[in-house]
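Okay, structure first, notes after.
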Amino acid sequence: MATRWRNSVTWRWVVNICRFILGATFVFSGFVKAVDPLGTSYKIQDYLTAFGLSELVPDMVPIALSVALAVLEFGVGVHLMLGIKRRATTRLALLIMIVMTPLTLYLALTNPISDCGCFGDALVLTNWQTFGKNVVLLICAIVVFITPWNMVRFLTKKMEWTLSNYSVVFAFALAVYCLATLPIIDFRPYRIGNNIREGMVIPEGAKPTVFDTRFVMEKDGVKQTFTIDNYPDSTWTFISAETVVVEKGYEPPIHDFVMEEMETGDDITDDVLDDPGYTFLLVMHRTEEANEGNIDLINELYEYSKEHEYKFYALSSSSAEAIELWRDRTGAEYPFCIMDDITLKTIVRSNPGLVLIREGMILNKWCDSQIPDEFKLTAPLEELTLGQTKEVNDLKTLGWVCVWFLVPLALIVLIDRIFNKKNNNKNNNKLIKRSMRKKIVAGNWKMNMNLQEGVALAKELNEALAADKPNCDVVICTPFIHLATVAQFLNQDVIGLGAENCADKVKGAYTGEVSAEMVKSTGAQYVILGHSERREYYKETPEILKEKVLLALANGLKVIFCIGESLAEREANQQNEVVKAELEGSVFNLSAAEFANIIIAYEPIWAIGTGKTATAEQAEEIHAYIRGCVAEKYGAEVADNTSILYGGSCKASNAPELFAKPDIDGGLIGGASLKCTDFKGIIDAWKK
Ligand code: PEP
């Protein structure tokens, strides 16, 4: 019942809708973090401070975490959207949501920080909104986790690793680029083209938020906080300034842009914002942490500003002492204004960063490595393009990001396709490795011939292969009644003999059963176990098969272990999960030494005796997957040595194409093993 429900079309739709909701959210969240890694690191820093951990954590940690988070979210999102590594990806997505959902509930309840920062500045959510969003995502993560195989794949398995690595490298490169320069898309109110003055406007009738600036001052080793109303005399030394909310009201996008001259304490905000001329703002939220690599450029720029009578202010939240130190170290002569630390971090994501404004309008921004030099500042700003408002088009930028993501990706796919084709044509490494394992063609006579007919066929085959030696191991698996007789004359150096089944009991009162020991005593060396007909008609469960396998091996028989999916499972794209579960259920309990006596036969049930064959590509894909499962369990060497046969309407006409595939090591043949010429035709496929 549960299986039918999980295979239903409705459920598949549900899974795919959930995977896209989850995937798109992760991609968006990872992307906005990669675009503004410094912003995310500030948020992480805020969390550390709120939880009293900031002192314990080295400075590099928030930024490293921020990049890692961007890469993780973007990578998981791309994996979900494209259906890459579905099982591992859905597990990881669920794990993330299991951690995040209770955490955001805690944040919503305790409110240590007003917005969680999960979508950076692109979409600011309250903590309760974030929790609600996470509950939805958690449900989606659970849905996709239950049946990951219902997620439609948009890539071949071969491409999965390439894309998996590429999405990670892309997100990492994007984050590093934005870290080294400025966010390629600016989601903050101080974006180029915005007017600071307009950003401060409170609509008529809206209740304004009341702010107050607190000054931390020091005298005789004693620190004290003052407001503008009780600002102390000059015997006190300024330490830092902070703008605090006294009463929350309508908050315009820009609510904290206040410039106070360092020396005088005068508020010059209006003068600067109303100035019809150019003003350069050198933003250094902390001079102690500012990069000094481009100080010469900054000093030259100041000279240029003086020469053309443009205003130039450095903005910082550092103490007067720290600013003096900066002046000493860099020879800075430009005036300093004090501004709130968070505001400065919001204005430009670079320390130092440069902003050019005119009448409050932000015309341009530069990170410290891109500050314009003498080669760019060749004339007054009025005559230069960099004196005009820089053209910013987020859609265009987004388009370029997509191009940067998709073009190299298309190239990788193309190279991979060409390379793989070459490999296939040239009997590449995989084929060389295959020579290490046995090529086998095994017949499964089933319940078709009486003793005389069976013996006659075995004799015919014996003679045919004596005359024309096969290029592979040949095995015939017969009903029990043929075994002892056929064993008498069969040249077992050329043709191996096997049974089609054996009991799951050692010996005793099991009327009609034939034990592994009895099979072995006939002279047989092989036994077929797990055939779909026995699983279906005789209800052989993985547990029963596990017992049979152990007994067969204990009695020195080699096991041809059959696995394969039904038509419904293939249509639901569940073949990989099915074969893996069959291996796990009955043979992956074996030691590596025991497993060396297992031959796997992949037989899609829908192809057995139906005339429908899996295409060589379909068969190769799943054979490679099965070998991967063996490698995962026992290591690459065991996997390389394991023969994996294909079974299902295999004939002399299609065998050469199937056997040419690197992971197909031969066939288990039903119908076509009942006639010597048909069977020999398949054996001869190894000679082509
Ligand atoms: C089989 O039953 O193992 C088998 C592969 O049958 P057929 O070749 O007839 O499809």
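Does ILE560 qualify as being in contact with a helix residue (DSSP H, G or I) (Cβ under 9 Å, 6 or more places away or on another chain), surrounded by 18 or more Cβ atoms within 10 Å (Cβ to Cβ), in the same structural domain as PRO656 (by TED's automatic domain parsing) and in contact (Cβ under 8 Å) with a residue 40 or more places away in the chain?
no
Is it the case that THR485 is open to solvent by less than 50 Å² (accessible area, probe 1.4 Å) and assigned by TED's automatic domain parsing to the domain that holds GLY648?
Taking the combined requirement at face value, the residue does not satisfy it.
This table checks each residue for (1) closer than 21 Å to ARG535 by Cβ; (2) more than 16 Å from the ligand (Cβ to nearest atom); (3) open to solvent by less than 10 Å² (accessible area, probe 1.4 Å).
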{"position": "SER591", "(1), (2), (3)": "no, yes, no"}
{"position": "TYR602", "(1), (2), (3)": "yes, no, yes"}
{"position": "HIS623", "(1), (2), (3)": "yes, no, yes"}
{"position": "GLU637", "(1), (2), (3)": "no, yes, no"}
{"position": "GLY667", "(1), (2), (3)": "yes, no, yes"}
{"position": "LEU674", "(1), (2), (3)": "no, no, no"}
{"position": "ASP684", "(1), (2), (3)": "no, yes, no"}
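Any residue in region 292-314 that is aliphatic (A, V, I, L, M) sitting within a Cβ distance under 7 Å of a residue that is outside any loop (DSSP other than H, G, I, E, B)? List the pairs, counting only those 6 or more apart or interchain.
The qualifying pairs are ILE295/THR330; ILE298/LEU282; LEU301/PHE280; ALA314/LEU282; ALA314/PHE336.
If only one of THR227, THR269, THR264 is among the β-branched types (Val, Ile, Thr) and under 26 Å from ASN194 (Cα atoms), which one is it? If you could, list the steps in order and put the result at the bottom.
On the way: THR227 fails: under 26 Å from ASN194 (Cα atoms); THR264 fails: under 26 Å from ASN194 (Cα atoms).
Going through THR227, THR269, THR264 in turn, the sole match is THR269.
Can you tell me which of LYS390, LYS396 is in a helix (DSSP H, G or I) and charged (D, E, K, R)?
Only one candidate passes the filter, namely LYS396.
Kindly establish whether GLU547 is away from the ligand (no atom under 16 Å from the Cβ), assigned by TED's automatic domain parsing to the domain that holds LEU483, free of Cβ contacts under 8 Å to residues at least 12 places away in the same chain and among the acidic types (Asp, Glu). Walk me through it before giving the result.
Numbers: away from the ligand (no atom under 16 Å from the Cβ): yes; assigned by TED's automatic domain parsing to the domain that holds LEU483: yes; free of Cβ contacts under 8 Å to residues at least 12 places away in the same chain: no; among the acidic types (Asp, Glu): yes.
Answer is no for this residue.
What is the one condition in (1) among the acidic types (Asp, Glu); (2) more than 19 Å from LYS439 (Cβ to Cβ); (3) within 15 Å of the ligand (Cβ to nearest atom) that ASP678 does not satisfy?
Here ASP678 meets the rest and fails (2).
Would you mention how many residues in region 483-507 are over 48 Å from the mean Cα position of the chain (by Cα) and farther than 23 Å from ARG535 by Cα?
Summing the residues that are over 48 Å from the mean Cα position of the chain (by Cα) and farther than 23 Å from ARG535 by Cα in region 483-507 gives 12.
Out of the residues in region 185-216 that are among the polar types (S, T, N, Q) and assigned to a strand (DSSP E or B), state the one that is surrounded by the fewest Cβ atoms within 10 Å (Cβ to Cβ).
ASN195
Can you find a residue in region 204-217 that is at pLDDT 95 or above and farther than 30 Å from ILE418 by Cβ? I'd like the intermediate steps shown before the answer.
Applying the first criterion (at pLDDT 95 or above) to region 204-217 yields none.
Within region 204-217 (the criterion being at pLDDT 95 or above and farther than 30 Å from ILE418 by Cβ), the answer is no, since none of the residues qualifies.
The values are calculated or read from the model by the stated rules, or taken from the named source; none is laboratory data. All values derive from a computational prediction rather than experimental measurement. No Cβ is skipped: glycine too gets one built from the backbone with ideal geometry, and neighbour counts run over all protein chains shown. Ligands, DNA and RNA are stripped out before the accessible areas are found, and what is left, the full protein with its side chains, is counted by its heavy atoms. Shrake-Rupley method; radii C 1.70, N 1.55, O 1.52, S 1.80 Å.
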